[in-house]
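Each reported figure results from applying straightforward, stated rules to the coordinates on display, with no laboratory input. Since the model is a prediction, treat every value here as computed from it, not as a measurement. Cβ coordinates were reconstructed from backbone atoms using ideal geometry, including for glycine residues, and neighbour counts include every protein chain displayed.
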Amino acid sequence: MSGYDVAAVRARFAALQRGDLTFFDTPGGSQVPDSVRAAVATAMRDAAANLGGTFATSERVAQIVADARAAAGRFLNADRGAVVFGQNMTSLNFALSRALARDLKAGDEIVVTRLDHDASVSPWLEVAHDTGAVVRTAGIDEATGTLDLADLEAQLNDRTRVVAFTWAANSIGTLVDAAQVCALAHSHGALAWIDATHAAAHVPVDVEALGADVLTCSPYKFCGPHLGLAYGRPEVLEAWRPYKVRPAPDAPVGSRFETGTQPYEQLAGFTAAVDYWHEVDAAGAGHAHAMALGQRLLDGLRELDGARLIGRPTMEGRVPTFLVAFEDRDAATVADALVARGIAASASDSFYCLGLKDLYARRGALRLGVFHYTTADEIDAVLAGLTAALA
């Protein structure tokens, strides 16, 4: 893409200089720039302490936490006091849903969708098990893998308390009109609860513009460390009683849901990842670069005999994540053939998206993810590898 220097971007990643692997498994986790790795190492060297002390290392920890909250505010366009850090997105989703569950009663309803990663479904199934609430599932157009908004709206009623949905499907790349779903939820007095784990690696996040009540994501998907990040609208978080130890602080409101000592070195890495993200314009020019390469990959996939794309057949309404099934090959065998060529890609029969499992061939499917550091030569290499594997 003219004006976007992918070589300069790649130069910031030691992992991309090794030459032993070409990474197409970014939906399962991105590579980490050197600045993030350095920030983690520095924090472990200079801030091995806990909060509350008046000595230098403790004060450095306090600054790391403050910087991370500010970075989260920038990344999400959110009140920095309304962000919550945790072990990972799944753990945060269980914790926050449990806090909400204190106020639910039998017969209350939660709506999820068939596009969702199970981290956005199982927490609500457990809540329903414990409270007698009901979980409903909004359907999809199976031909395109897109959310059926009419069916979603038909699921909503005066008993709906939460609409929990995935903004971008980690398996097939489908984008959902998150602002429209949030508006639908609010029109029925329900909370809009967004899983942005996959979307945040590809599109700008603005919780205010979306109208999100809760939004969760994971920095390891956008060049950060393994960590969970959530936003909760302050009025919502303030209304919940968190599961926490008694001496833990109650302000800012997001910190009420952060149990135990936080991984401060990971918070330092998160701040570095957000800085990197904005410096290289990964969600702007970088995403446009990835989408252009996604079109190149999509064009090549159409030429492969015995391969079938699951999901949207064009680049419209998706991120550059593709799921491919094969007529007479196990997807795992194809993945192994790519790995033998130094191409990292993975196969599965669900990718934790159980609502779409019936769309997969019995032989499973191969997932390919294009990212802002992918090159045209790498697209051509994976297409050559697929051609050879299917010959």
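Just a few scattered comments:
- Within the chain, helix-based [θ] at 222 nm, where runs of 4 or more DSSP H residues each add -39,500 (n - 2.57), nearest 500: -11500 deg cm²/dmol
- Amide H within-cut-off set for A138, under 5 Å, with H built and near neighbours excluded: V112, T113, R114
- Estimated dipole of the range 21-91 in Debye, rounded to 20 [Cβ of Lys and Arg +1, of Asp and Glu -1, Cα centre]: 80 debye
- The range 29-43 versus the range 274-296: alpha-carbon centroid distance in Å: 19 Å
- Cβ crowding within 10 Å averaged over residues, with 127-137, 66-76, 13-23 ranked highest first: 66-76, 127-137, 13-23
- Considering only beta bridges that DSSP places wholly inside the chain, some 55 percent are antiparallel.
- ³J(HN,Hα) computed for each position of the range 225-240 - Karplus, 6.51 cos²θ - 1.76 cosθ + 1.60, integer Hz, glycine/proline x: x, 5, 6, x, 9, 9, 10, x, 4, x, 5, 6, 4, 5, 7, 9
- Among I64, T314, G355 - extreme Cα towards positive end, dipole of the chain, charges at beta-carbon: I64
- Bridge type composition, the range 141-236 - antiparallel percent by DSSP, nearest 5: 45 percent
- Dimensionless Rg ratio for the chain, taking C-alpha atoms and the 2.2 N^0.38 Å reference: 1.00
- Computed from backbone phi, the HN-Hα couplings of the range 134-145 come to 10, 9, 10, 10, 7, x, 9, 7, 5, 5, 10, x Hz, rounded to whole numbers (Karplus: 6.51 cos²θ - 1.76 cosθ + 1.60, θ = phi - 60°; Gly and Pro given as x).
- Per-bin percent of Cα-Cα distances, the range 57-156 [5 Å]: 3, 11, 15, 15, 16, 15, 12, 7, 4, 2, 1, 0
- Each part gets one Cα centre, and for the range 117-136 versus the range 191-266 those centres are 19 Å apart.
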